[in-house]
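Below is one structure, written out as structure tokens, with a few remarks after it.
FYI, it's all coordinate maths here, none of it is from the lab. From a predicted model like this one, the values you see are computed outputs, not experimental measurements. Positions of Cβ are generated from backbone atoms using ideal geometry, with glycine treated the same way; all protein chains shown enter the neighbour counts.
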Amino acid sequence: MHIVLSAAGARVRAETLDDALRTVETVELDRAALPDWAWERERDRPRWTWDATSAWYPPLLAAGVRVERAHDLRLARAILRHAPAARLDAPADDWDRPAHAADPDDALFALDAPVPLDAAEELRRQRAAVEAGDDAARLGFLLTVESVGSLVAAELQHAGIPWSRERHDAILRERLGDPPGPFDAATRPARMEQLLAELRAALGDPEANPDSPVELVKSLQRAGIRVSSTRKWELERIEHPVIAPLLAYKRMARLLSANGWHWLDEWVRDGRFHPVYVVGGVVTGRWAASGGGALQLPREVRGAVVADPGWRLVVADAAQLEPRVLAAMSGDAAMARAGQDADGRPHDMYQGMVASGAVETRSQAKYGMLGAIYGGTTGESARVLPRIRRAFPRAMALVEEAARAGERGESVRTWLGRGSPARTAGPSSPDAAESLTEAEQRRRQSDARAWGRFTRNFVVQGTAAEWAMCWMGAVRRRLRDHRAELVFFLHDELVVHAPAEEAEEVAAVLRESAAEAGRLMFGAAPVQFALSVAIVESYADAK
DNA sequence: ATTGAGAGCGCG
DNA sequence: AAAGCGCGCTCTCAAT
């Protein structure tokens, strides 16, 4: 059963659909009455269908209403638009517009803006587009998984991750020194001022400005240091007294601007950081974050993430997720074996590759797999690739086929059927090869290879994102009647905030859910999804 | 004053 | 040690 919600002027229309998507009941109600009404109807476990979870769900959560199932029409439309297995012939319209960012306070009231689109009609159109295609089961599952993701994203934002202002402030003071007071002549924290003086002295340039890359390059060159940029790795290989204080300064400046006191004031409220996730925000299907930089939370500040008294953080990290996903997709039995021990239990995959004799060291295994999945062409990864190819031919064949498809300008798809975008800078004109200059031919070849690296990575990264959404969906369902709740997500990592006495049980839930995600995605494929799980009071202690 | 590109660096 | 993929954020600097 679906309940389709849409804005009807100042009110809300709720249409109940049976499993054949026939309308069986339509009611209108005041927006203010929606949470109670939804809570009532949730007993029938309907699939709440709306233009965007990010718009409808936050106000329900704010009113204390959780729902189990949803269908996010805009997210689904975006997937169907590019999925090779979908038969969607609707012309581009407002449903193709991404949802606007959610404001939990007034999202419902912002909704009535442009178009009262017919949500039920769009749902029927989407179902038809899935069923007319050649991969209906998987594609339908992908839409469900994406919608579960949208629910989890809203719930994560609602819950927030426990954040200690005191710890954060202490970390900043320890790293940067005391912040300048309001009447302080210094404009930078104490240790930064000190380093600034040091590096200016080392350069013999009292005006040197490390905050401006352009000015800094000039200052360095005046001091006889030949650099073309101020990138860390270029500076690191230079022997000069200015380098140490300069690198230290740059590191501090980064921390101060990205996650300093200003960030703390802006993003931490009532002891929680409420990250804004953007489901489907990345072409591959990964989530993006908007504001606050939830997906780039530096290790340096994770000490500020502290469980409430009597509570713990259960931090689970999927080990070697992308290689395992690749093993499952390609059905590469040797690679799957490398990820489990003799009893078939999850086990460090890179160690397994060493044990099987495929490579000599763990680091070779790691860089070899990175090279396979990203398309490495140089250095250690390129050196090991032939050995990886020999040991895991099916896995390598899958990524290399994806790369070749991309080079030919074809699109590729993830395991559940998300399609890669059309190549933008494509092979524009069918010029005869001989009419092109040599430089132009080289450029096109290199563009084609770059696009091939993108499609190569797309199939694996996108499928890993699908696994991750299955994982969190399973965790969410298993934690439904617990006090513990999901509070953070980071591509292949989940954090649950749990009462101390529940922590061990939650750790088991995380593991069982990883196994369930593997079964849901890949059926009986013999791939184990290993987790490293830590029960800690502070996120910084997780690894 | 606002906008956009590029540099640089944080995350997976 | 960095490279090969995907991002967001903050800063500078030039163009509008």
Distribution output for segment A:21-91: share of Cα-Cα pairs per 5 Å bin in percent, first bin at 0, values 3, 13, 20, 23, 16, 10, 9, 4, 0
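Among the helices of chain A (complete DSSP H runs), which have Cα atoms covering no less than 27 Å along the helix axis and a Kyte-Doolittle mean of at least -0.5? Can you show the working numbers first?
Values: long enough: A:136-159 (34 Å, 0.92); A:438-478 (60 Å, -0.91); A:503-522 (29 Å, 0.37).
Helices meeting the span and hydropathy rule in chain A are A:136-159, A:503-522.
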Antiparallel DSSP beta bridges within chain A, as percent of all bridges there, nearest 5: 85 percent
Over what distance in Å are the Cα centres of segment A:211-230 and segment A:1-16 separated? 61 Å
Ordering of A:62-68, A:254-260 by packing [mean C-beta count within 10 Å, highest first]: A:254-260, A:62-68
Phi to ³J(HN,Hα) by Karplus 6.51 cos²θ - 1.76 cosθ + 1.60 over segment A:313-318, Hz, x for Gly, Pro: 9, 9, 10, 10, 10, 6
If packing is taken as the average number of other Cβ atoms within 10 Å across a peptide's residues, how do A:133-142, A:517-526 rank, most packed first? A:133-142, A:517-526
With each pseudo-label sitting 7 Å past Cα toward Cβ, what's the A:R237-A:T26 distance in nm, one decimal? 6.9 nm
With +1 on the Cβ of every Lys and Arg and -1 on the Cβ of every Asp and Glu, and nothing else charged, how large is the dipole of segment A:1-159 about its Cα centre, in debye rounded to the nearest 20? 320 debye
Which one, A:L139, A:L73, A:V24, projects farthest toward the positive side of the charge dipole computed for segment A:1-159 from Cβ point charges (K/R +1, D/E -1)? A:L139
Farthest toward the dipole's positive end in chain A, which of A:T378, A:G281, A:V314, given Cβ charges of +1 (Lys, Arg) and -1 (Asp, Glu) about the Cα centre? A:T378
Dipole check, chain A, charges on Cβ (K,R +1; D,E -1), about Cα centroid: among A:T49, A:A253, A:P91 the Cα furthest to the positive pole belongs to A:A253
Counting only residues 5 or more places away or on other chains, whose amide H sits under 5 Å from the amide H of A:H71 once H atoms are built in the peptide plane? A:W48, A:T49, A:W50
Ordering of A:15-24, A:413-422 by packing [mean C-beta count within 10 Å, highest first]: A:413-422, A:15-24
Using only C-alpha positions, report the orientation-averaged shadow area of the convex hull of chain A, nm², one decimal. 30.8 nm²
How big is the charge dipole of chain A about its Cα centre, in debye rounded to the nearest 20, if each Lys and Arg gets +1 on its Cβ and each Asp and Glu gets -1 on its Cβ? 1800 debye
